[in-house]
1. Suppose we filter 82, 140, 130 for residues that are touching a residue at least 24 places away in the same chain (Cβ under 8 Å), over 22 Å from residue 320 (Cβ atoms) and out of contact with any Lys or Arg (no Cβ under 7 Å at 6 or more places or on another chain); which single one remains?
2. Just to be sure, is residue 434 small (Gly, Ala, Ser) and buried (at least 24 other Cβ atoms within 10 Å of the Cβ)?
3. Check off (1) closer than 30 Å to residue 405 by Cα; (2) buried (at least 23 other Cβ atoms within 10 Å of the Cβ); (3) not aromatic (Phe, Trp, Tyr) for residue 244 and give me the number that stays unchecked.
4. Any chance segment 221-228 includes a residue that's of a type outside the set (Phe, Trp, Tyr), at pLDDT 95 or above and in a helix (DSSP H, G or I)?
5. Does residue 178 count as in a loop (DSSP other than H, G, I, E, B), in contact with a helix residue (DSSP H, G or I) (Cβ under 8 Å, 6 or more places away or on another chain) and away from the ligand (no atom under 16 Å from the Cβ)?
6. Does residue 261 count as of a type outside the set (Val, Ile, Thr), within 16 Å of the ligand (Cβ to nearest atom) and part of a helix (DSSP H, G or I)?
7. Quick one: is residue 167 within 22 Å of residue 24 (Cα to Cα), of a type in the set (Phe, Trp, Tyr) and within 15 Å of the ligand (Cβ to nearest atom)?
8. Note down all Cβ pairs under 7 Å where the first residue falls in segment 152-179 and is of a type in the set (S, T, N, Q), the second is surrounded by 15 or more Cβ atoms within 10 Å (Cβ to Cβ), and they're at least six residues apart or on different chains.
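The values are calculated or read from the model by the stated rules, or taken from the named source; none is laboratory data. Not measured: the values here are computed from a predicted model. Every residue, glycine as well, gets a Cβ built from its backbone with ideal geometry; the counts of neighbours run over all protein chains shown.
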Amino acid sequence: MAQRETWTSRVGFIFAAVGSAVGLGNIWSFPFQTASNGGAAFLVVYLLAVFLIGFPTMLIEFVIGRRSKQNAVSAFSELGYGNWTFAGAIGVVASFITLSFYSVVGGWVISYIVGSVTGGYLGQAGTFFGSVSSGTVAIGAHAVFMAITIAIVAGGVADGIERATKFMIPAILVLLVGLAAWASTLSGSAAGYAYYLSPDFGVIANNFTSIVPSAMGQAFFTLSLGFGVMIAYASYLGRDDSLPADSAIIVVLNTVVALLAGFAVFPILAATSGVGGASGGAGTAFVALAGAFGQLPAGQIIGLVFFIVLLFAALSSSISLLEAPSSYVVDRYGVDRPKVAVGVGVVSFVIGIAPAYGYVGLFNDFVFNILLPVAVLFIALFAGWVANRESVDELGRGTTLGEGATTLWLWWVRVVIPIVVAYTLYLGVTNFYSGIVTGAYF
Ligand code: PHE
């Protein structure tokens, strides 16, 4: 079998991982989750979830990936714990399902790029969303998005994924800074900043059971945790650099992008339709923003820039979603990478036909509320209680961390993460179940 691929450099790995993390979750989902969950109050809980739970969980995935040099499914048996294969398999299933609806939303973004050029959504944001979000237009755009994703992954780890993300991440950052700066000049923007940045802690207290699962799900989703993606990406590390340092850079950059997206979106909404009305389903972001672009001077150009940023972000993530299941097939069966990428991508496209007919919310919530917490719970228990010696040893490799720091991490992974995640899972299951019985998804 051909030699397993590796990243060309440490920076290449960081870019690819940031590319995976930065996605629709940051720019589409984050500002709108924040808007519909009480603004700054949600932001506080979200940031705690990212740094206290997300960051140490990313280290779990990195440790498993780099130690085993295998995809998320084979990693467990490679380490000598074949019984735990299911934990990685849940993640790979989650990435597969997520790819199917992520690509549908990626297709919406493509339609909005076209709409920015033609002016199709100006003055009729709701109608435009209706015409592109489900049915044949949605399926066609979903096919285009999936085809681009397949082409990049087929290109390989270094020549495909690494090269594409090295270009897209800087582009996203520069364009978002420009958008946020432009948004600050709008009259009425102040109300947007206030809603976004001054927390009302009463909101947290009153909505605790809905804010916690949303913030935790958002934290895992945005950091690409619980999908086996970070296990796969870390498995391509050729050398031992400091995992905590890499992980800190990735978490911080990802947070910066989400915050920047908020700095663009909140003033734009405040200056047009208002920040309060932005609750609702998967389409709200598209309708609200396209509506805002229709009301602003130069809105069409700004809209074009915004949706191009969104497309780059979506693609640098979708390639990682395709990579996780593909790397399993490549490692396990030794099939050619391009063939695997096409095969896995096509099956995921077919599953995506359901969300392309209006079930994006159902798929999204199933992944957020159930699959991700389940996957994270098991990998934490695995790393903390089963492969604990290997985990601690791997975490320390390439670092100057003392025993105190690695022991703290170990106990955090053993106790704190499982308790918090189990509680989140309980709330997530309850919320998802009530969504099903009240018919919210159908
Ligand atoms: N992190 C991506 C986002 O925020 C989504 C994603 C999850 C991508 C898992 C890859 C793997 O949009």
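1. On the way: 82 fails: touching a residue at least 24 places away in the same chain (Cβ under 8 Å); 130 fails: touching a residue at least 24 places away in the same chain (Cβ under 8 Å).
Only one candidate qualifies: 140.
2. On the way: small (Gly, Ala, Ser): yes; buried (at least 24 other Cβ atoms within 10 Å of the Cβ): no.
No; evaluated as a whole, the condition is false for this residue.
3. Going through (1) closer than 30 Å to residue 405 by Cα; (2) buried (at least 23 other Cβ atoms within 10 Å of the Cβ); (3) not aromatic (Phe, Trp, Tyr) one by one, residue 244 breaks only (2).
4. Yes.
5. Details: in a loop (DSSP other than H, G, I, E, B): no; in contact with a helix residue (DSSP H, G or I) (Cβ under 8 Å, 6 or more places away or on another chain): yes; away from the ligand (no atom under 16 Å from the Cβ): yes.
It is false that residue 178 is in a loop (DSSP other than H, G, I, E, B), in contact with a helix residue (DSSP H, G or I) (Cβ under 8 Å, 6 or more places away or on another chain) and away from the ligand (no atom under 16 Å from the Cβ).
6. Working: of a type outside the set (Val, Ile, Thr): yes; within 16 Å of the ligand (Cβ to nearest atom): yes; part of a helix (DSSP H, G or I): yes.
Yes.
7. When the stated conditions are applied, residue 167 does not pass them.
8. What qualifies is 165/15; 165/16; 165/19; 165/316.
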